[in-house]
1. What does the charge dipole of the range 63-166 about its Cα centre add up to, to the nearest 20 debye, if the Cβ of each Lys and Arg holds +1 and the Cβ of each Asp and Glu holds -1?
2. Please report the spacing between the Cα centers of the range 73-129 and the range 195-228 in Å, no decimals.
3. Taking the dipole about the Cα centre of the range 161-201, with the C-beta of Lys and Arg at +1 and of Asp and Glu at -1, give me whichever of I163, F190, L174 is farthest to the positive side.
4. Which of rounded, prolate, oblate describes the range 126-280, given a ≥ b ≥ c as roots of the alpha-carbon gyration tensor eigenvalues and a/c under 1.5 marking rounded, otherwise prolate only if a/b is larger than b/c?
5. Pick from R60, R46, R186 the residue whose mean-square fluctuation is largest in a GNM of the chain, springs joining Cα atoms under 10 Å.
6. What are the trypsin sites (Lys or Arg not before Pro) within the range 224-269 that DSSP puts in a loop, where the Cβ has at most 15 other Cβ atoms within 10 Å?
7. Compare the peptides 201-209, 15-23, 119-127 by average per-residue count of other Cβ atoms within 10 angstrom and give them in order, highest first.
8. Using alpha carbons only, how many angstrom separate the centre of the range 257-271 from the centre of the range 38-59?
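The values are calculated or read from the model by the stated rules, or taken from the named source; none is laboratory data. These numbers come from a predicted model, not from an experiment. So basically every Cβ, Gly included, is an ideal-geometry build from the backbone, and we count neighbours across all protein chains shown. These accessible areas exclude ligands, DNA and RNA; they are computed on the full protein's heavy atoms, side chains included. Shrake-Rupley method; radii C 1.70, N 1.55, O 1.52, S 1.80 Å.
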Amino acid sequence: MRLLALAAVVLAHAGLPAGWKAVSVGPAGGVVAVGRIPNTFVPSDRRASAVYLPPGYDARRRYPVVYLLHGMRGSPASIWNGLHFAAVADGLIRSGRARPFVAVLPVAGPTVHPNTGEWAGVWERYVVRDVVPWVDRHLSTKRGPGGRALEGLCAGGFGAVDIGLRHPGVFGTLGSWEGYFAPVFRDGPFARAGTADLRAHDPALLVRAEARRLRRGRVRFYVSAGGNHGGVRSAWTLAFARELRALRLPHELWLLPRADRGHFWRATLPSALLYAAGVD
């Protein structure tokens with residue numbers, strides 16, 4: 001309780017609006033807070049998003065931002081609580097392996113039939129048009145693609161790569177943690193989509209079409225795989241990595257070590273954060 005009380009003092013000076021509250025504190029003093037990032041596309045959605053502020057957060061500095069998209073079904077808590085996010089991020093920063101960074105975990109997806117959601121349609125627009133501008137208004141961030149990474153797990157991985165490719169100049173690093181690279185499940189806004197819409201949300205097609213621009217903009221990719229889960233196949237990640245290599249696009253392919261089987265999400269988190277915010 002004492003740590004959360006101290007975290008409340010940090011939040012009071014951080015620039016977050018009233019109503020945000022600290023819910024987790026890392027060993028070096030990094031703080032996870034939860035609160036609402038207004039959604040102009042689904043105004044009735046009152047669910048909480050989450051923000052991580054690094055140890056010693058100082059509004060006079062500018063911090064890179066790592067945006068993290070949860071799976072569907074899922075929630076920001078599946079990352080900040082389920083993966084012990086503050087402890088991992090604090091450890092990377094305190095060790096000097098990562099630069100101090102802000103992380104933003106927006107909430108999205110249908111509340112009815114939550115397994116059928118995708119980070120597309122209103123949720124794509126929410127990320128790009130609401131969340132990113134809100135973060136830049138309220139926190140001390142590095143503006144532009146060089147200061148922004150967008151990563152996610154499973155459906156969030158598909159959303160991160162898809163959104164990043166469809167909105168050039170917003171994010172400089174894109175990451176998929178055992179996600180997929182086409183609207184293969186035909187759910188959410190893809191349930192009744194035509195061929196043109198499906199192709200417009202196909203990262204495998206988009207990277208080929210935009211490879212020259214991506215190389216010129218120095219867009220980087222992180223992809224990780226640890227075995228099939230649900231309907232998602234790790235072979236899709238391996239195939240996308242081969243495509244990135246053939247297109248000469250900078251990327252890292254992370255594969256789950258045998259010793260970490262059964263703990264994929266926790267195992268991939270440190271390397272994903274290092275790729276997004278690691279010291280050069």
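1. Numbers: 11 positive and 7 negative charges, 71 e Å.
So the dipole magnitude of the range 63-166 works out to roughly 340 debye.
2. First find each Cα centre; the distance between them is then 20 Å.
3. F190
4. Working: a/c = 1.36, a/b = 1.07, b/c = 1.26.
Because its axes are fairly even, with a/c under 1.5, the range 126-280 counts as rounded.
5. So, out of R60, R46, R186, the one fluctuating most is R60.
6. On the way: sites: R233, R242, R245, R248, R258, R261, R266; in loops: R233, R248, R261.
Here the sparse-neighbourhood loop sites are R248, R261.
7. On the way: 201-209: 18.0, 15-23: 14.6, 119-127: 21.9.
Final packing ranking: 119-127, 201-209, 15-23.
8. 27
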